[in-house]
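K.L.:
If you scroll down you'll find the structure; I have some questions about it.
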Amino acid sequence: MKTKFLPESESSELLIDQSDLVIYNDDVHTFDFVIETLVDVCDHEYLQAVQCTNLIHHKGKCGVKRGSFYELKPICEALLEKGLSATIE
């Protein structure tokens, strides 16, 4: 069996695309606020935003978007500006 190696630039791009934008639960924001923010900032459909908000509440956090760090950074900053606790992991 032959092993195929990706050029370093391609493998780096694959690693970059593995980032998740994660929102953490807090006791400050309402469900409605988080749902509206996910729809506005993350371009979620309403039902997707509701499901993520429930996961945030019950599990303590939820990965709400996946992509490259550079793609997620402005979205994360917008969430932080709205007062949500968000990180890129």
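K.L.:
Enumerate the pairs (first residue in region 73-89 and farther than 11 Å from L21 by Cβ; second residue anywhere and part of a helix (DSSP H, G or I) and among the β-branched types (V, I, T)) with beta-carbon separation below 6 Å, excluding pairs fewer than 6 apart on the same chain, so at least 6 apart or on different chains.
P.N.:
Filtered contacts from region 73-89: K82/T37.
K.L.:
Looking at region 60-76, which of its residues are outside any loop (DSSP other than H, G, I, E, B) and over 17 Å from H29 (Cα atoms)?
P.N.:
Keep residues of region 60-76 that are outside any loop (DSSP other than H, G, I, E, B), which gives 61-67, 69-76.
Result: G63, K65, R66, G67, F69, Y70, E71, L72, K73, P74, I75.
K.L.:
Surrounded by 12 or more Cβ atoms within 10 Å (Cβ to Cβ) and either part of a loop (DSSP other than H, G, I, E, B) or at pLDDT below 95 (or both): does that describe H57?
P.N.:
no
K.L.:
I need a count of the residues in region 21-53 that are open to solvent by less than 60 Å² (accessible area, probe 1.4 Å) and part of a helix (DSSP H, G or I). Outline the logic, then answer.
P.N.:
As a first pass, look at region 21-53 and keep what is open to solvent by less than 60 Å² (accessible area, probe 1.4 Å): 21-23, 26, 29, 34-35, 37-39, 41-42, 44, 49-50, 52-53.
After this cut, where a residue has to be part of a helix (DSSP H, G or I) as well, the list is 34-35, 37-39, 41-42, 49-50, 52-53.
Residues flagged as open to solvent by less than 60 Å² (accessible area, probe 1.4 Å) and part of a helix (DSSP H, G or I) within region 21-53 amount to 11.
K.L.:
If you scan region 64-83, which residues turn out to be open to solvent by 10 Å² or more (accessible area, probe 1.4 Å) and more than 9 Å from the chain's Cα centre (by Cα)?
P.N.:
Hits for region 64-83 are S68, F69, Y70, E71, K73, P74, E77, A78, L80, E81, K82, G83.
The values are calculated or read from the model by the stated rules, or taken from the named source; none is laboratory data. Since we're looking at a predicted model, the values are computed, not measured. Using ideal geometry, Cβ is built from the backbone for each residue, glycine included, and neighbour counts are taken over all protein chains shown. Surface accessibility is based on the protein's heavy atoms, side chains included, excluding ligands, DNA and RNA. Shrake-Rupley method; radii C 1.70, N 1.55, O 1.52, S 1.80 Å.
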